[in-house]
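One structure is given below, encoded as structure tokens.
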Amino acid sequence: MRVLLVEDDAALAGEIASALRAENFAVDRAANGEDGLHLGDTELYDAAVLDLGLPDIGGIEVLRGWRDANRSLPVLILTARDGWSDKVQGFKAGADDYLVKPFRVEELVMRLRALVRRSRGHADARITCGPIGFDAQVGTFEKDGLPLKLTALEWRVLSCLMLRKEIVVPRADLIERVYEGDAEVDSNSVEVIIARLRRKIGHGMIETSRGLGYRLTAEGADGA
């Protein structure tokens, strides 16, 4: 899961980014509305965390810009304003959730996970595919009821495939959702991660669609 964080308070942004990365999220940061508007309009994200009180272009204007450009990424607004009119303004502009400062970062993480899960059509927090179980609210994987130990990159790839199970996910989408914007990505990096995942969950569960991408499927569980 890749998240765009638009927050001008450097200390708070650092705290949020560290907490999200500790939970296996990839995080891109923007310190002003102009950069945030550009990133949200040109990059692929699973969700955005958007401060309203930005120094140049306000958060509401940034959000309206994304929605006017038909960017459908889930957006969680952060603000020090707790008035009902401010919340209404945010929701009318296209926000999906709202968190008032000060807040607990743990709550932010849980809300983000819920937004991403629901945006992919999963009402239930628990998602299964053959022997693989994913608690999308807590962020844990298991195989045959036992915890599955994954690196951060493996977790991002598998969560992306799990949220779109039985659907081919383009290789380019995996790269964009797994790596942060300033990361150097080797040409075969996704293939390496997929190979490691196959060893952990079973080779038959991740199919390769030549020239397209990868599909997580329960059909391959028996032959894993």
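Taken over region 92-111, residues that are of a type in the set (Phe, Trp, Tyr) and either touching a residue at least 60 places away in the same chain (Cβ under 8 Å) or part of a strand (DSSP E or B) (or both) amount to 1. Are any residues in region 18-39 of a type in the set (Gly, Ala, Ser), surrounded by 15 or more Cβ atoms within 10 Å (Cβ to Cβ) and over 13 Å from the mean Cα position of the chain (by Cα), and if so, which ones? Those that are of a type in the set (Gly, Ala, Ser), surrounded by 15 or more Cβ atoms within 10 Å (Cβ to Cβ) and over 13 Å from the mean Cα position of the chain (by Cα): Ala19, Ala30, Ala31, Gly33, Gly36.
Can you tell me which residue among Gly53, Gly90, Gly83 is crowded, with 18+ Cβ neighbours inside 10 Å and modelled with pLDDT under 95? Steps first, please.
Values: Gly53 fails: crowded, with 18+ Cβ neighbours inside 10 Å; Gly83 fails: crowded, with 18+ Cβ neighbours inside 10 Å.
None of the other options fit; the residue is Gly90.
Within region 112-138, work out how many residues are among the acidic types (Asp, Glu) and not in a strand (DSSP E or B). Summing the residues that are among the acidic types (Asp, Glu) and not in a strand (DSSP E or B) in region 112-138 gives 1.
When you look at Ile175, is it within 24 Å of Arg21 (Cβ to Cβ) and surrounded by fewer than 20 Cβ atoms within 10 Å (Cβ to Cβ), yes or no? So Ile175 fits the description; yes. Residue count for region 34-72 satisfying the condition of being under 11 Å from Val6 (Cβ atoms) and part of a strand (DSSP E or B): 4. In this structure, does Leu99 turn out to be open to solvent by less than 80 Å² (accessible area, probe 1.4 Å) and touching a Leu at 6+ places or on another chain (Cβ under 8 Å)? Judged against the criteria, Leu99 is a match. Please indicate, with yes or no, whether at least one residue in region 139-156 is free of Cβ contacts under 8 Å to residues at least 60 places away in the same chain and assigned to a helix (DSSP H, G or I). Within region 139-156, one or more residues are free of Cβ contacts under 8 Å to residues at least 60 places away in the same chain and assigned to a helix (DSSP H, G or I). The single condition among (1) more than 16 Å from the chain's Cα centre (by Cα); (2) free of Cβ contacts under 8 Å to residues at least 12 places away in the same chain that Gln89 does not meet is (2). On inspection, Asp68 fails the criterion of being of a type in the set (Asp, Glu) and buried (at least 20 other Cβ atoms within 10 Å of the Cβ). Scanning region 113-133 for residues that are of a type outside the set (Gly, Ala, Ser) and either open to solvent by 50 Å² or more (accessible area, probe 1.4 Å) or touching a strand residue (DSSP E or B) at 6+ places or on another chain (Cβ under 7 Å) (or both) turns up Leu115, Val116, Arg118, Arg120, Asp124, Arg126, Ile127, Thr128, Cys129, Pro131, Ile132.
The values are calculated or read from the model by the stated rules, or taken from the named source; none is laboratory data. Note that the coordinates shown come from a computational prediction; the quantities given were computed from them, not determined experimentally. Here the Cβ is made from the backbone with ideal geometry for all residues, glycine too, and neighbour counts use every protein chain on show. Only protein heavy atoms, including side chains, enter the accessible area calculation; ligands, DNA and RNA are left aside. Shrake-Rupley method; radii C 1.70, N 1.55, O 1.52, S 1.80 Å.
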